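Since the structure comes first, as structure tokens, the remarks are kept for the end.
The values are calculated or read from the model by the stated rules, or taken from the named source; none is laboratory data. Computed from a predicted structure; not experimentally measured. Don't worry about glycine lacking a Cβ; one is built from the backbone with ideal geometry, like all the others, and counts go over all protein chains shown.
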Amino acid sequence: MFAAVLGTHHIDVTIHGPADGTPDNRAATHTFNTVNDLQQEVVNARVWAGLHYRGSALEGVELARDVASWTLRRYFQPTS
């Protein structure tokens, strides 16, 4: 959805957070250059945390793409 809304796969975004486990640690950052980099990090994190198997995480990504595409086509149209 980010790529569709922004019109590019290149996002160059830095996310701040407690990557070292310390609450409110704004010094911990991770930078993503593309939507695919961010997406892969989310898939890996869910697998490494033991929340999902890789196959189900990748199926979830495909489902999310389909839902986002359908939603953007149906509801987010120009008003003029």
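When the residues of the range 12-38 are narrowed to those that are at pLDDT 90 or above and surrounded by 12 or more Cβ atoms within 10 Å (Cβ to Cβ), which ends up nearest to the chain's Cα centre (by Cα)? This residue is Leu38. For beta carbons closer than 6 Å, sequence separation of 6+ or different chains, a first residue in the range 51-79 that is touching a residue at least 40 places away in the same chain (Cβ under 8 Å) and a second that is assigned to a helix (DSSP H, G or I), the qualifying pairs are Leu72/Ala4.
In the range 30-80, which residue that is among the charged types (D, E, K, R) and in contact with a helix residue (DSSP H, G or I) (Cβ under 6 Å, 6 or more places away or on another chain) is nearest to Phe2 (Cα to Cα)? Out of the qualifying residues, it is Arg46.
Glu41 fulfils the conditions (1) of a type outside the set (Phe, Trp, Tyr); (2) at pLDDT below 90; (3) surrounded by 13 or more Cβ atoms within 10 Å (Cβ to Cβ) except for a single criterion, (2).
For the range 44-68, the candidate set comprises residues that are part of a loop (DSSP other than H, G, I, E, B) and exposed (fewer than 10 other Cβ atoms within 10 Å of the Cβ); within that set, the residue that is farthest from the chain's Cα centre (by Cα) is Gly50.
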